[in-house]
Amino acid sequence: MISPKRFSQSFSLVALLIAVIAIGYLVFREIPRNVFAYDILGYYLYIPVAFEFNDLTLSSNYDNLLSVLSKYGTSEGFCHAFKAENGNWVMRFPMGLSILYFPFYMIGGWIAQLNDQYPKDGFSLPYQLSVLYGCYLYTIIGLITFRKILLHFFTDKISALVIILLVFGTNYLLQVSIHAQPAMVHNLVFSLHALTVYFTIKWHSTYKLKYMIGLGCTIGLTAICRPPEILIALVPILYNVFSKDTFQQKMRLIRLHRNDIIIAVFIVFVIVSYQLVYWKIVTGKFIFDSYGENLNEGFNFRHPYILEFLFSFRKGWLIFTPIMIFAVWGMYFFYKNGKPLFFAFIAYFLVNFYVITSWSNWWYGISFSSRAIIPAYVTLAVSLGYFLYGISKYKIKYIFIPVFAGLISLNLFQSWQASRGILNGSRMTKAYYKSVFLQNTMPTDEQQKLLLRDKYSTSEPLNVKEINFNDYKLVYRYVENFDSNSKSQPNIIDSLYVSRNHSFLTNRSYSFAGDIKKKYKEMTTKSYLILKLSAKIFTPANPDQSEARLAITMMHKGKAYEFKCVDTRALHLKSNAWNDIEFYMWTPDFWDRRDVVQGYFWNLSDNPIFVDDLTLEAYEPLVDETVF
């Protein structure tokens, strides 16, 4: 460990004040249109459901909730809760942030009660601003604690420089300031991680119970804010462990202070039990996977997206936050000069890095650079500090002054670009990045064509008129004319057909016609396809009153995560005649290439509908788009 000299700590204090003021300026500069939207709404919902509606299960108040949300423009596309098997509504997000929001919810309610202009409903402006500005207070607490950590390792000047580099040279600044970001999980978990590391340092130097209690509180809250982030517990567990002898010393230390440690573990259990009890009340189970229903996302531990996460132009961490290259470089100096603590920090970082890069949505939604790694900046900053310490002994250190100045300037400008929408939050490509590099005006239509396809802007099928098929090649075609199933099923008909000798009769008893399945990897090696599903259908009934779908489903491990269809009632078909129907879709971002594409016809009415020549076609791009 580097022993900091006993002299004034004014430089790091000034750096802290500059950071706090800059972030505060961005937070208070403008009021967000709606703080309780997107992910923040999901984290916050526990509070109004419990204290405004008095209905944790939403069994009686789901429509009332949507009615309130509609007043604030947040009910459209509501996906923050889903119905469990018992009919109750389960929150998709964990409740940890609700606990952190709660004091400011109470303040917001008090303000709303004093002012008749705002409804006391848990969602009006006093509640929104109280939670937002309360989370800014958490940001300040996190930065103050972060400075204390740095001063434990480094001199005042190095600590000051690390604060400046982290706040103004990385995506931290943007992710804790504008568009209600202070209330996002990444900001608050950063503060919790700072407290965890600080309590770890203090306990190992004093062995006071209060610091172990602090560890129990911060680790417990972290576990129910963002469960994978409980990996921060590796820091206190492995702190000062770097050899067989130090491991044995750690075991003796644990035995000696086992009562304090048991108290901390008990506190973690009590805090986590709030989530477990909620699940028990709502689902009947203490352990429940609330993300299990979100089939668009999940962990893919066998195939982590390491290169994409680090170097892609879609959201590559080191592409958009290049200053953190020096934090990675600093691990060498960290190992040389801080070996007793190196293994605790590097173990947390590596395991955490593996987990966050294994998430199927590795770009983590709309953000600047990768927001998922922001909580890890608490430990990475120590590595960055060791880099600064390592080069401070050499004359080469002066070369880094313009380098750091340039990287901070680039980060600030690109943060501004991202805040204005010049840098797209999720669809970046190398060509687009080069096109708008240092651009201060909104992108043109031609520039926006360089972005990745917008596959999620609508749930409707693809408009084929927008596609130039000269840029694509047919790579797969399969026609199901039902002859192969003839005479084996009672719903195979030989009296009415288009081609060959049979068709398939769908009705209430036989709702599905055809089951074309093909693995993605068996059709293409490209990153996406255009899928076309077509069929010929015949019905003696009024087609406008016969609900039916021509549908494609994407499957991962037997579960559907993408569904696109066309409703035949909207096609104005003719009765007592064969009708051609078809639709096109982009393939979504798939989990892995073994995912299955499934095409079928689905009759949801009591009316008979005959189906023939169900055809699935796949077109791959001649020039593939890439995130690199």
By the Cα gyration tensor axes a ≥ b ≥ c (a/c under 1.5 gives rounded; else a/b larger than b/c gives prolate, otherwise oblate), the shape of region 306-378 is prolate
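Using a 1.4 Å probe, what is the accessible area per residue for the chain, in Å²? Before the final figure, lay out the partial values.
Numbers: 28500 Å² over 628 residues.
Counting only protein heavy atoms, the per-residue value for the chain is 45 Å².
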Sorted by chain and number, the residues with a modelled amide H under 5 Å from that of residue 475, at a separation of 5 or more or across chains, are 618, 619, 620
Here, residue 398 and residue 51, labelled 7 Å along Cα→Cβ, have an inter-label distance in nm of 5.9 nm
At a 1.4 Å probe radius, carbon and sulfur cover how many percent of the accessible area of region 90-188? 68 percent
Is the C-alpha gyration tensor of region 161-275 telling us rounded, prolate or oblate? Criteria: a/c under 1.5 is rounded; beyond that, a/b larger than b/c is prolate, otherwise oblate. oblate
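At a threshold of 8 angstrom on Cα-Cα distance, excluding pairs fewer than six apart, so keeping six or more, what relative contact order does region 413-543 reach in percent? Can you show the working numbers first?
Details: 83 pairs, mean separation 17.6, N = 131.
Result for region 413-543 is 13 percent.
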Can you give me the Cα centroid spacing of region 587-624 and region 29-61 in angstrom? 37 Å
Express in Å², to the nearest 10, the accessible area of residue 39 obtained by rolling a 1.4 Å probe over the protein heavy atoms while all chains stay in place. 50 Å²
Peptide ranges 65-71, 593-599 listed from the most packed, as the mean C-beta count within 10 angstrom indicates: 593-599, 65-71
Summing -39500 (n - 2.57) over every DSSP H run of at least 4 residues in the chain and dividing by its residue count gives a helix-only mean residue ellipticity at 222 nm, to the nearest 500 deg cm²/dmol, of -14500 deg cm²/dmol
With θ taken as phi - 60° and the coefficients 6.51, -1.76 and 1.60, list the Karplus ³J(HN,Hα) couplings across region 167-180 in order, rounded to whole Hz; mark glycine and proline as x. 6, 9, x, 10, 6, 4, 4, 6, 7, 10, 10, 8, 6, 6
As I understand it, the dipole of the chain uses +1 on the Cβ of Lys and Arg and -1 on the Cβ of Asp and Glu, about the Cα centre. Which of 168, 474, 279 lies farthest toward its positive end? 168
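Residue separation times 0.36 nm, minus the C-alpha to C-alpha distance between residue 560 and residue 281: what's the value? Intermediate values should be presented prior to the final figure.
On the way: separation 279, 0.36 × 279 = 100.44 nm, distance 2.77 nm.
Difference between extended and current length: 97.7 nm.
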How large is ³J(HN,Hα) for each residue in region 100-105, as worked out from phi by the Karplus curve 6.51 cos²θ - 1.76 cosθ + 1.60 (θ = phi - 60°), to whole Hz, x for Gly and Pro? 5, 6, 4, x, 7, 4
Quick one: compute the contact order of region 492-606, relative version, from alpha carbon pairs under 8 angstrom and 6+ residues apart, as a percent. 39 percent
Once the piece of chain linking residue 300 and residue 469 is laid out straight, how much longer is it, given 0.36 nm per residue of separation minus the C-alpha distance between them? 57.5 nm
Leaving out ligands, DNA and RNA, and with a 1.4 Å probe, what % of the accessible surface on region 476-579 is carbon or sulfur? 45 percent
Surrounding charge for residue 208, neighbours by C-beta under 14 angstrom, Lys/Arg +1, Asp/Glu -1, total +1
Of 587, 623, 261, which is farthest towards the positive pole of the chain's charge dipole, taken about the Cα centre with +1 and -1 on the beta-carbons of Lys, Arg and Asp, Glu respectively? 261
Over the chain, what is the mean sequence separation of C-alpha contacts under 8 Å (at least six apart), divided by residue count, expressed as relative contact order in percent? 12 percent
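By the scheme Lys and Arg +1, Asp and Glu -1, what is the net charge of all other residues having a beta-carbon under 14 Å from that of residue 579?
Values: positive: 536, 569, 574; negative: 544, 567, 580, 582, 612, 613.
Overall, the nearby charge balance is -3.
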Quick one: which of 23-36, 346-359, 396-409 comes out on top by average Cβ neighbours within 10 Å, and what's the full order, highest first? 346-359, 23-36, 396-409
Rounded to the nearest 20 debye, dipole of region 42-95 from Cβ charges on Lys, Arg, Asp, Glu: 100 debye
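So how do 107-114, 501-508 stack up, highest first, on mean other-Cβ count within 10 Å? Write down the numbers at each step before the final one.
Values: 107-114: 16.8, 501-508: 20.2.
Going from most to least packed, we get 501-508, 107-114.
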What does the C-alpha gyration tensor say about the overall shape of region 213-313? Classify as rounded when a/c is under 1.5, otherwise prolate if a/b is larger than b/c, or oblate. oblate
Take the residue pairs 315/517; 449/532; 148/397; 473/518 and return only those whose Cα atoms are more than 21 Å apart. 315/517; 449/532; 148/397
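The values are calculated or read from the model by the stated rules, or taken from the named source; none is laboratory data. Keep in mind that this is a model prediction, so the values were computed, not measured. Cβ coordinates were reconstructed from backbone atoms using ideal geometry, including for glycine residues, and neighbour counts include every protein chain displayed. In case anyone asks, the SASA skips ligands and DNA or RNA and just uses the protein heavy atoms, side chains included. Shrake-Rupley method; radii C 1.70, N 1.55, O 1.52, S 1.80 Å.
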